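Novice: Sharing a structure with you now.
The values are calculated or read from the model by the stated rules, or taken from the named source; none is laboratory data. All figures in this text were calculated on a predicted structure; none of them were measured in a lab. Methodologically, a virtual Cβ is constructed for each residue, glycine included, from the backbone with ideal geometry; neighbour enumeration extends over all protein chains shown. Side chains included, ligands, DNA and RNA excluded: accessible areas come from the protein's heavy atoms. Shrake-Rupley method; radii C 1.70, N 1.55, O 1.52, S 1.80 Å.
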Amino acid sequence: MEGIGINLPLLIAFVINFAILFTLLSVFLYKPVLKMLDERQARIKESMEQAENMRQQAARSEEEIKAHLENARKEGQAIIAQATQIGERLKQEARENARQETESLINKAHLEIQRERDKALAELRKEFADIAILAAEKVIGETLDKEKHRKVIDEVLKESSALK
(Lines give C-alpha, C1' and ligand atoms only; values in the text may rest on other atoms or scores of the structure.)
Protein backbone atom coordinates (compact mmCIF):
# COMPACT_ATOMS: atom_id res chain seq x y z
CA MET A 1 0.00 0.00 0.00
CA GLU A 2 2.93 2.02 0.09
CA GLY A 3 2.75 2.21 -3.64
CA ILE A 4 -0.36 4.26 -3.47
CA GLY A 5 1.12 6.44 -0.80
CA ILE A 6 -0.61 5.03 2.23
CA ASN A 7 1.45 4.25 5.27
CA LEU A 8 -0.39 1.46 7.09
CA PRO A 9 0.96 1.96 10.60
CA LEU A 10 0.21 5.64 10.29
CA LEU A 11 -3.28 4.88 8.98
CA ILE A 12 -3.95 2.53 11.89
CA ALA A 13 -2.67 5.16 14.32
CA PHE A 14 -5.00 7.74 12.68
CA VAL A 15 -7.96 5.33 12.87
CA ILE A 16 -7.18 4.51 16.54
CA ASN A 17 -6.74 8.20 17.31
CA PHE A 18 -9.98 8.96 15.46
CA ALA A 19 -11.82 6.25 17.40
CA ILE A 20 -10.39 7.47 20.72
CA LEU A 21 -11.17 11.08 19.80
CA PHE A 22 -14.67 10.11 18.61
CA THR A 23 -15.31 8.21 21.83
CA LEU A 24 -13.93 11.05 23.98
CA LEU A 25 -15.87 13.68 22.03
CA SER A 26 -19.10 11.68 22.17
CA VAL A 27 -18.71 11.05 25.91
CA PHE A 28 -17.44 14.47 26.95
CA LEU A 29 -18.78 16.75 24.25
CA TYR A 30 -21.54 15.24 22.13
CA LYS A 31 -23.66 13.81 24.97
CA PRO A 32 -23.39 16.96 27.15
CA VAL A 33 -24.15 19.14 24.13
CA LEU A 34 -27.17 16.96 23.25
CA LYS A 35 -28.24 16.99 26.89
CA MET A 36 -27.85 20.78 26.97
CA LEU A 37 -29.79 21.12 23.69
CA ASP A 38 -32.55 18.84 25.04
CA GLU A 39 -32.72 20.88 28.25
CA ARG A 40 -32.84 24.08 26.23
CA GLN A 41 -35.57 22.65 24.03
CA ALA A 42 -37.50 21.62 27.17
CA ARG A 43 -37.06 25.11 28.65
CA ILE A 44 -38.23 26.71 25.40
CA LYS A 45 -41.21 24.36 25.25
CA GLU A 46 -41.98 25.12 28.92
CA SER A 47 -41.65 28.86 28.26
CA MET A 48 -43.98 28.57 25.27
CA GLU A 49 -46.52 26.69 27.41
CA GLN A 50 -46.19 29.31 30.15
CA ALA A 51 -46.62 32.08 27.58
CA GLU A 52 -49.74 30.36 26.23
CA ASN A 53 -51.07 29.90 29.78
CA MET A 54 -50.36 33.55 30.55
CA ARG A 55 -52.10 34.59 27.31
CA GLN A 56 -55.14 32.51 28.23
CA GLN A 57 -55.07 33.85 31.77
CA ALA A 58 -54.80 37.42 30.44
CA ALA A 59 -57.78 36.77 28.16
CA ARG A 60 -59.77 35.38 31.12
CA SER A 61 -58.72 38.35 33.26
CA GLU A 62 -59.77 40.73 30.50
CA GLU A 63 -63.18 39.03 30.29
CA GLU A 64 -63.53 39.19 34.08
CA ILE A 65 -62.59 42.88 34.06
CA LYS A 66 -65.14 43.53 31.32
CA ALA A 67 -67.77 41.66 33.33
CA HIS A 68 -66.86 43.63 36.49
CA LEU A 69 -67.01 46.91 34.57
CA GLU A 70 -70.39 45.96 33.12
CA ASN A 71 -71.65 45.04 36.60
CA ALA A 72 -70.27 48.29 38.01
CA ARG A 73 -71.95 50.24 35.20
CA LYS A 74 -75.27 48.49 35.88
CA GLU A 75 -74.92 49.09 39.62
CA GLY A 76 -74.11 52.74 38.96
CA GLN A 77 -77.19 53.10 36.76
CA ALA A 78 -79.29 51.37 39.42
CA ILE A 79 -77.91 53.71 42.09
CA ILE A 80 -78.63 56.73 39.88
CA ALA A 81 -82.17 55.47 39.22
CA GLN A 82 -82.69 54.84 42.92
CA ALA A 83 -81.35 58.29 43.80
CA THR A 84 -83.66 59.83 41.19
CA GLN A 85 -86.63 57.97 42.68
CA ILE A 86 -85.66 59.05 46.18
CA GLY A 87 -85.29 62.64 44.97
CA GLU A 88 -88.71 62.52 43.31
CA ARG A 89 -90.23 61.01 46.44
CA LEU A 90 -88.60 63.69 48.61
CA LYS A 91 -89.85 66.41 46.25
CA GLN A 92 -93.34 64.93 46.39
CA GLU A 93 -93.19 64.72 50.18
CA ALA A 94 -91.97 68.32 50.36
CA ARG A 95 -94.84 69.42 48.10
CA GLU A 96 -97.32 67.47 50.21
CA ASN A 97 -95.89 68.97 53.43
CA ALA A 98 -96.02 72.46 51.94
CA ARG A 99 -99.61 71.88 50.79
CA GLN A 100 -100.59 70.60 54.24
CA GLU A 101 -98.88 73.53 55.93
CA THR A 102 -100.61 75.92 53.54
CA GLU A 103 -103.99 74.33 54.24
CA SER A 104 -103.25 74.45 57.97
CA LEU A 105 -102.32 78.13 57.76
CA ILE A 106 -105.41 78.88 55.67
CA ASN A 107 -107.62 77.04 58.16
CA LYS A 108 -106.00 78.89 61.06
CA ALA A 109 -106.48 82.17 59.21
CA HIS A 110 -110.15 81.31 58.56
CA LEU A 111 -110.63 80.45 62.22
CA GLU A 112 -108.90 83.65 63.29
CA ILE A 113 -110.99 85.70 60.85
CA GLN A 114 -114.16 83.97 62.12
CA ARG A 115 -113.17 84.70 65.73
CA GLU A 116 -112.39 88.32 64.92
CA ARG A 117 -115.69 88.63 63.02
CA ASP A 118 -117.61 87.09 65.90
CA LYS A 119 -115.80 89.36 68.33
CA ALA A 120 -116.54 92.42 66.18
CA LEU A 121 -120.18 91.38 65.84
CA ALA A 122 -120.44 90.91 69.61
CA GLU A 123 -118.93 94.34 70.19
CA LEU A 124 -121.19 95.82 67.52
CA ARG A 125 -124.25 94.24 69.15
CA LYS A 126 -123.17 95.54 72.53
CA GLU A 127 -122.64 99.02 71.11
CA PHE A 128 -125.88 98.79 69.18
CA ALA A 129 -127.71 97.77 72.33
CA ASP A 130 -126.17 100.71 74.21
CA ILE A 131 -127.08 103.13 71.39
CA ALA A 132 -130.60 101.69 71.17
CA ILE A 133 -131.06 102.11 74.93
CA LEU A 134 -129.79 105.68 74.77
CA ALA A 135 -132.08 106.41 71.83
CA ALA A 136 -135.03 104.85 73.60
CA GLU A 137 -134.26 106.87 76.74
CA LYS A 138 -134.19 110.07 74.75
CA VAL A 139 -137.37 109.18 72.93
CA ILE A 140 -139.21 108.21 76.06
CA GLY A 141 -137.56 110.83 78.15
CA GLU A 142 -136.93 108.64 81.11
CA THR A 143 -134.27 106.16 82.15
CA LEU A 144 -135.19 102.57 81.49
CA ASP A 145 -133.74 99.44 82.99
CA LYS A 146 -130.63 98.78 80.90
CA GLU A 147 -130.57 95.05 81.58
CA LYS A 148 -134.15 94.57 80.49
CA HIS A 149 -133.60 96.54 77.25
CA ARG A 150 -130.36 94.74 76.53
CA LYS A 151 -132.18 91.45 76.92
CA VAL A 152 -134.88 92.54 74.47
CA ILE A 153 -132.29 93.80 71.95
CA ASP A 154 -130.26 90.59 72.22
CA GLU A 155 -133.41 88.58 71.53
CA VAL A 156 -134.17 90.73 68.48
CA LEU A 157 -130.59 90.31 67.22
CA LYS A 158 -130.74 86.54 67.72
CA GLU A 159 -133.99 86.39 65.81
CA SER A 160 -132.51 88.47 63.01
CA SER A 161 -129.44 86.20 62.92
CA ALA A 162 -131.68 83.14 62.74
CA LEU A 163 -133.48 84.65 59.73
CA LYS A 164 -130.26 84.95 57.74
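Novice: For A42, indicate whether it is surrounded by 10 or more Cβ atoms within 10 Å (Cβ to Cβ) and modelled with pLDDT under 95.
Specialist: Values: surrounded by 10 or more Cβ atoms within 10 Å (Cβ to Cβ): yes; modelled with pLDDT under 95: no.
Here the answer is no, as A42 does not meet what is asked.
To keep it simple, each residue is scored yes or no on (1) modelled with pLDDT of 95 or more; (2) within 60 Å of the chain's Cα centre (by Cα); (3) at positive phi; (4) not in a helix (DSSP H, G or I).
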residue	(1), (2), (3), (4)
I65	yes, yes, no, no
R115	no, yes, no, no
V139	no, no, no, no
V152	no, no, no, no
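Novice: Looking at the structure I just gave you, is L11 more than 52 Å from the chain's Cα centre (by Cα) and without any contact (Cβ under 8 Å) to a residue 60 or more places away in the chain?
Specialist: On the way: more than 52 Å from the chain's Cα centre (by Cα): yes; without any contact (Cβ under 8 Å) to a residue 60 or more places away in the chain: yes.
In short, yes.
Novice: So which residues in the range 72-83 are open to solvent by 80 Å² or more (accessible area, probe 1.4 Å) and either touching a strand residue (DSSP E or B) at 6+ places or on another chain (Cβ under 7 Å) or not basic (K, R) (or both), if there are any at all?
Specialist: Taking the range 72-83 first, the residues open to solvent by 80 Å² or more (accessible area, probe 1.4 Å) are 73-75, 77, 79-80, 82.
Once the filter is applied, which keeps residues that are open to solvent by 80 Å² or more (accessible area, probe 1.4 Å) and either touching a strand residue (DSSP E or B) at 6+ places or on another chain (Cβ under 7 Å) or not basic (K, R) (or both), the range 72-83 yields E75, Q77, I79, I80, Q82.
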